[in-house]
Amino acid sequence: MPAFEKGFAQHEREIKVIAANKALPTFDNTIAALDYSGQLLHDVSAVFYTLTGSENTDELMALSTRISAMQTAHSNKISLNEPLFSRIKAVYDQRDALTLSVEQRKLLEDTYESFVMSGAALQGKDRETYKALSQRLSELSERFYQNSLKATNQYEKIITDEALLEGLPVDVKAAAKAKATAKKQEGWLFDLSAPVYTSLMKYLKNRDLREMFYRAYLTRATTGELDNKPVIAEMVNLRRERAQLLGSSTYAHHALKRRMAEKPEAVIRFLDQLSDAYLPTAKAELATIQGYATGLEGRYTKLEPWDLSYYSEKYKQARYNVSDEVLRPYFKLENVIDGVFGLATKLYGITFTKNTAIPTWNPEVDAWEVFDKDGSYLAVLYTDFHPRKGKRAGAWMSNFNEQYRLKGVDIRPHVSVTMNFTPSTDTKPSLLTYDEVTTFLHEFGHALHGIFSDVTYRGLSGTSVYRDFVELPSQVMENWASEKAFLDGFAKHYQTGEPIPAELIQKIKDAENYNVAMGCMRQLSFGYLDMAWHSLSEPFSGDVVAFEREAWKKAVILPQPDDCFMSATFSHLFSGGYAAGYYSYKWAEVLDADAYDWFVRKEVFDRETADTFRQHILSRGGTEHPMVLYKRFRGQEPSIDALLKRNGLR
C-alpha cells in the first residue's frame, strides 16, 4: 500500500503542476506533459496486478479491493479536473492551427475524447453522479473478478476409483495424482483449471462424471456469497446509466465511439453476416457428431453439451487419425519455445537470450532479453507457462513498461506472456496440445506488438490501439501453427528425437477446419451476448439467466442446461475490458486471414512482407486510425472472403 500511496501522491502533484501552469496551453506543456505523468503509479500498478493475476492470496485480494477503489477515485480526480480539462480543450480547439505531427494530432484527439468520455464535460450534479457510478462500477468489477477466481479455486473433486477415469491421458492422471498426494489424500484430485477441465471434457469416458464437471464449471460463481448474478445485473444497469449521462443511448453506443466498428448496428451486421455464412455448416457438423456418437454407442444418444467435446475428439481421431495425445509428444514446451522464438527470428531477425539475473515474481518465470536484427536491445520478455494456486485461468499478455521516448531517450518495453500449460511431472516433461501451441503463438503476437513499438508517446504505444484492432497481431501469428516449414524447425518427439512426420503435419492441415463452423458460432454467441448486455436502453430488472439464454439463442446450436450461466465467469465482459467489444475477436480474424493471405501469396517466411507488417502495424501502436495503418500494409481494406476461403466455406 505505501507504494500505491506514493504513486498516487506523485501523480497528483504532476497533474497539479500541469493544471496550474500560467503559460498558455500548448501541446507540450499540457498533452505531452499529461502523457508523461504517472510513471511511478504505472510501475507499481503493473507489478501489483501481475501478482494478483499470477500469485493471488486472500491478503492480495483484500488489498486489491481497496486499491481498486483508490484508483477509481484517483482517475475521477484527474478526468474531472476542470482546470486540466480546460487546458486540454484549449489545445484541442486550436488543433487545426497547430503544427502537429500525425502522432501528436492523434494523441491530442485521443486525450480529448478520453476525457469527454470520462465525464470531463459534465457539470454540477452530473459530475458527482458520474464519480459515484464509476466508483461503484470499479467495486463491482473487482468483486466479479474475485468471485470468479475464488469459485474456481475452491472446487476440488477427489476420484478414488481409477476405473472411472477411463480415457484420460496418462499425464493428466499423473498430475491429478500428484495434486492428491500433495494434499495427503488418496486417489486423483481434479480442479477446474482450464487444461484440466478441457481434458476432462475431451477424454473422460464416464458420461456422468463429464456432466458433473461440466455443471460445476458452468455454475461457478452462481450461488452463495460468490454469486455474480446480482453483480452482473447491477453492472449493466450502471454502465447504461453512465453512458446515458454522457449522451449515449446505450453503453455499446458509448464504447464503440473509439472502435473500428463505430456503432452497435455495424457490430450486429457483422455478426449476422458471419452467422449467415457459418450456421448451415455448423448444423451439419453437429449432425455428423450426433450420427457418429449414435454409431459408436450402438444406440441413439442425444448429444448434451458435456458430450460434444468428447465425441468431437473421438470422431476427429477416427476421421483424421490425429489427436492431442498423438501430437503432444512432439510439442515439448522447451522445443516449442525454440520454435516460436525461431519464427520471430526468421520473420523479423530478432533473437532472444535468457537472462537469469533479471528478477521475476516466481521461480517458474523466465526473463528473456530481446535483440533486433542489428544486435541492438529491443525489450525484456517474461514467460510464465504453468498453472498454480492463486493464478487465474486462461492466457494473456501484459506490459510492465511500454515503449516511448522521454527527452530523446528511447525507453524500451518490458512485456510478459502468461499461460496455463500442463506442467511437467517426475516422469514426463511439459507437453503441449496443438491448441496450446496456437495459444502460445497468439499471446506471443501480442508481445511482438509491444516489443516492436516505435512511438514517442506512451499513450499510443504497442497494444494501445482500438479494441477491435488489438487482436490482429496475435491472431495472425496463429496461422503459422500448421505450416510444415514452421513445425519442421522444432517439433521433435521428446523421447526419440524423431521429427514430426510429414503425414502427421498433413493431418493437422486436413483437420484444421474440423468443426470450424461450430467454433465460429460459439464465438458469435458470445458476441451476441455481449452486445445484448450492453445494448440495454432501459433499466434491467429481469432474470439474468433467462436474459443470457435469449440473447444468444440464434447462435447457440447446443443449448446449455437452464441452471448453467456462463456470464457469471465471463471475465472479458465484467472485469477484462471487453464490454461491447467481444466481437473484436472475429473482427480481427477477418483482418488476420486477409493479412496472412498476403504472406501466403509470397512465402510464409517472406522477410519483406514481415518487415512491412512490422513497419505499418506492429511498430505504430495507436499513432493513426487502424484502417489507415492496415491499408498501408495491405494496400486495401480487408474482406471477409479470405476468412471464408481459409475455413473452406468458399
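All of (1) out of contact with any Phe, Trp or Tyr (no Cβ under 8 Å at 6 or more places or on another chain); (2) at pLDDT 95 or above hold for Leu618 with one exception: (1). The residue pairs whose first member lies in the range 24-50 and is under 19 Å from Leu460 (Cα atoms) and at pLDDT 95 or above, whose second member is charged (D, E, K, R) and surrounded by 20 or more Cβ atoms within 10 Å (Cβ to Cβ), and whose beta carbons are closer than 8 Å, counting only pairs six or more residues apart or on different chains, are Thr30/Arg87; Asp35/Arg458; Tyr36/Arg458.
Checked against the criterion of being closer than 25 Å to Leu308 by Cβ, free of Cβ contacts under 8 Å to residues at least 24 places away in the same chain and of a type outside the set (Gly, Ala, Ser), the range 553-569 contains one or more residues that satisfy it.
Residues that are in contact (Cβ under 8 Å) with a residue 12 or more places away in the chain, touching a Phe, Trp or Tyr at 6+ places or on another chain (Cβ under 7 Å), closer than 25 Å to Asn147 by Cβ and not basic (Lys, Arg) are absent from the range 598-613. The test for being in a helix (DSSP H, G or I), β-branched (Val, Ile, Thr) and buried (at least 17 other Cβ atoms within 10 Å of the Cβ) holds for Thr50. The helices (runs of 4 or more DSSP H) found wholly in the range 587-650 and carrying at least 1 residues that are β-branched (Val, Ile, Thr) and more than 24 Å from Phe526 (Cβ to Cβ) occupy 607-613, 626-634. Give the residue that is nearest to Ala588 (Cα to Cα), with candidates limited to residues of the range 529-548 that are in a helix (DSSP H, G or I) and touching a residue at least 60 places away in the same chain (Cβ under 8 Å). Among them, the one singled out is Met531.
Residue by residue, here is whether (1) out of contact with any strand residue (DSSP E or B) (no Cβ under 9 Å at 6 or more places or on another chain); (2) part of a helix (DSSP H, G or I); (3) modelled with pLDDT of 95 or more holds:
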site	(1), (2), (3)
Val417	no, no, yes
Ser424	no, no, no
Lys428	yes, no, no
Asp435	yes, yes, no
Thr439	yes, yes, yes
Phe444	no, yes, yes
Asp454	no, no, yes
Gly462	no, no, yes
Tyr466	yes, no, no
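Scanning the range 476-504 for residues that are part of a helix (DSSP H, G or I) and surrounded by fewer than 15 Cβ atoms within 10 Å (Cβ to Cβ) yields a count of 3. Taken over the range 115-130, the criterion of being within 29 Å of the chain's Cα centre (by Cα), part of a helix (DSSP H, G or I) and either closer than 13 Å to Ala243 by Cα or of a type in the set (A, V, I, L, M) (or both) is satisfied by Val116, Met117, Tyr130. The residues on offer are Ala551, Ala588, and the sole one that is at pLDDT 95 or above and not charged (D, E, K, R) is Ala551. What do you reckon, is Phe526 farther than 30 Å from Glu265 by Cα, in contact (Cβ under 8 Å) with a residue 24 or more places away in the chain and in a helix (DSSP H, G or I)? Criteria not met by Phe526.
Report yes if Asn355 is assigned by the TED database to the domain that holds Ile451, farther than 24 Å from Asp454 by Cα and out of contact with any Leu (no Cβ under 7 Å at 6 or more places or on another chain), otherwise no. No: the conditions fail for Asn355. For the range 237-255, the tally of residues that are aliphatic (A, V, I, L, M) and either surrounded by fewer than 22 Cβ atoms within 10 Å (Cβ to Cβ) or touching a Gly at 6+ places or on another chain (Cβ under 8 Å) (or both) stands at 4. Residues in the range 203-257 that are among the small types (Gly, Ala, Ser) and over 19 Å from Gly581 (Cβ atoms): Ala216, Ala221, Gly224, Ala233, Gly247.
Among residues of the range 386-409 that are under 13 Å from Tyr49 (Cα atoms), those with a Cβ under 6 angstrom from a residue that is surrounded by fewer than 18 Cβ atoms within 10 Å (Cβ to Cβ) and among the small types (Gly, Ala, Ser), sequence gap 6+ or separate chain, pair up as Phe400/Ala46. For the range 155-185, a residue qualifies if it is among the small types (Gly, Ala, Ser) and part of a loop (DSSP other than H, G, I, E, B), and exactly one does: Gly167. Only one entry in Tyr382, Tyr377 is closer than 25 Å to Leu343 by Cβ, in contact with an Asp or Glu (Cβ under 9 Å, 6 or more places away or on another chain), aromatic (Phe, Trp, Tyr) and surrounded by 17 or more Cβ atoms within 10 Å (Cβ to Cβ), namely Tyr382.
Among the residues of the range 361-376, is any without any contact (Cβ under 8 Å) to a residue 60 or more places away in the chain, polar (S, T, N, Q) and outside the structural domain of Phe440 (by the TED database)? No, the range 361-376 has no match at all.
The values are calculated or read from the model by the stated rules, or taken from the named source; none is laboratory data. Since the structure is predicted, the reported quantities are computational estimates derived from the model, not experimental observations. Reconstructed Cβ throughout: ideal geometry from the backbone, glycine too, with neighbour counts over all protein chains shown.
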